[in-house]
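Comments concern the structure below.
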Amino acid sequence: MYSFCSSPFLRYLMATSYPGSFITLEGPEGAGKTTQLKLLSRQLDQIGCKHIVTRDPGGTSLGKQIRRILLNPENPVMPMTELLLYQADRAQHVEELILPALKSGTLVLCDRYVDSTRAYQGYARGIDLDLINTLSNMATGGLTPELTILFDIDSADGLGRLHPGGHDRLEREAIEFHHKVRDGYHELAAQEPERWVIIDAKKPLTVVQEDLRRILVERVGEKHKLAALIE
Ligand code: T5A
């Protein structure tokens, strides 16, 4: 279960081998992922698409407790502790929720996943990316999304949409940290262009929603009968 496949093609084959589909949303703070997923989920309900919206960290009961520890600004969390807590949350999330959903033919939409760890703990915090990949593969058994949508926004603009000064521990990091996160995402997207699609998240809410729906219809529309999403 814990072997890691380094070939993007083989990872894609593995990702598409389930009856369901695994799609992740990524981006800097305040990019609008949560808002867009709520809108999309309502529409998916209306057209009868079997789906779940979940998030990383905090997609399970145990994960919610880990999320509170991770995001509490009062907690002095060391970088390696931070990395391991995100991976602990993810191990539970994949085993308890994501894999069973994929096996039952569900469209799984996940707000953040392994690429957040690469961007935040890797590119921004400076932890070795090979180590992150090894730990991520231990936590997920190598489960890779078949599509990752980057909600791209200038870090200052994204943070500007949130509460001044930021709510949680990560949002309160210096702006340089957040610039590294965004640059990291761009590097990740460039490394695997077949997996990543970039949305300009600065656009108005309705336009971003249209972009999101169009991408889903293009990539998994046939499998999940999503054509009505853009009619
Ligand atoms: N993290 C996470 C790691 O460091 N490592 C990891 O491995 C993982 C998985 C998670 C934190 O943990 C870090 C990343 C994060 O710092 P979170 O609360 O889940 O914490 O963080 P976010 O996913 O960043 O949640 P945010 O709420 O900050 O961002 P969203 O969900 O992208 O943005 P959203 O939808 O809440 O929108 C923010 C505001 O913008 C408005 C919304 O109404 C809202 O007020 N908005 C728009 N305004 C104008 N135009 C648009 N197009 C808009 N879209 C939304």
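How large is the convex hull of the C-alpha atoms of segment 135-223 per residue, in Å³? Working shown, then result.
Numbers: hull volume 11.9 nm³, N = 89.
For segment 135-223, the hull spanned by Cα atoms encloses 134 Å³ per residue.
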Worksheet item: Distance in nm between label sites at residue 203 and residue 81, each 7 Å beyond Cα in the beta-carbon direction?
Response: 4.3 nm
Worksheet item: Spin-label point model (7 Å from Cα, Cβ direction): what's the residue 45 to residue 210 distance in nm?
Response: 2.5 nm
Worksheet, complete the sentence: Taking placed amide H atoms and a strict 5 Å upper bound, the residues 5 or more places from residue 105 or on another chain that come that close are 20
Worksheet item: Taking amide H positions as placed 1.01 Å from N in the peptide plane, with prolines and chain starts having none, which residues 5 or more places from residue 146, or on another chain, fall under 5 Å of its amide H?
Response: 22
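Can you figure out the FRET efficiency of residue 62 with residue 103, using R₀ = 25 Å and their beta-carbon distance, to the nearest 0.05?
Details: r = 20 Å, r/R0 = 0.82.
Rounded to the nearest 0.05, the efficiency is 0.75.
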Fill in: Long pairs among 180/223; 180/225; 103/203; 103/202; 33/223; 203/223, criterion Cα-Cα beyond 31 Å
180/223; 180/225; 103/203; 103/202
Practice prompt. For segment 8-221, just say rounded, prolate or oblate: build the C-alpha gyration tensor, square-root its eigenvalues into a ≥ b ≥ c, call rounded for a/c under 1.5, and beyond that prolate if a/b exceeds b/c, oblate if not.
Written response: rounded
Worksheet entry | Per-residue ³J(HN,Hα) for segment 194-200, Karplus 6.51 cos²θ - 1.76 cosθ + 1.60, θ = phi - 60°, Hz, x for Gly and Pro | 6, 8, 9, 10, 9, 10, 7
Discussion item. Give me a comma-separated list of calculated 3J(HN,Hα) values for segment 58-68, in order, Karplus coefficients 6.51, -1.76, 1.60 applied at θ = phi - 60°, integers in Hz, x for any Gly or Pro.
Written reply: x, x, 10, 4, 5, x, 5, 5, 5, 4, 4
Discussion item. Apply the Karplus curve 6.51 cos²θ - 1.76 cosθ + 1.60, θ = phi - 60°, to the phi angles in segment 13-19 and return the couplings in whole Hz, x for Gly and Pro.
Written reply: 4, 5, 5, 9, 7, 8, x
Worksheet item: Going by the alpha-carbon gyration tensor, a ≥ b ≥ c the square roots of its eigenvalues, is segment 123-181 rounded (a/c under 1.5) or, if a/c is not under 1.5, prolate (a/b greater than b/c) versus oblate?
Response: prolate
Practice prompt. In debye, nearest 20, what is the charge dipole magnitude of segment 1-145 about its Cα centre with +1 on Lys and Arg Cβ and -1 on Asp and Glu Cβ, if you could check?
Written response: 380 debye
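None of the figures in this text is laboratory data; all of them are computed from the coordinates on show. None of the values given here were measured: they were computed from a predicted structure. Cβ atoms come from the backbone with ideal geometry, glycine included; neighbour counts cover every protein chain shown.
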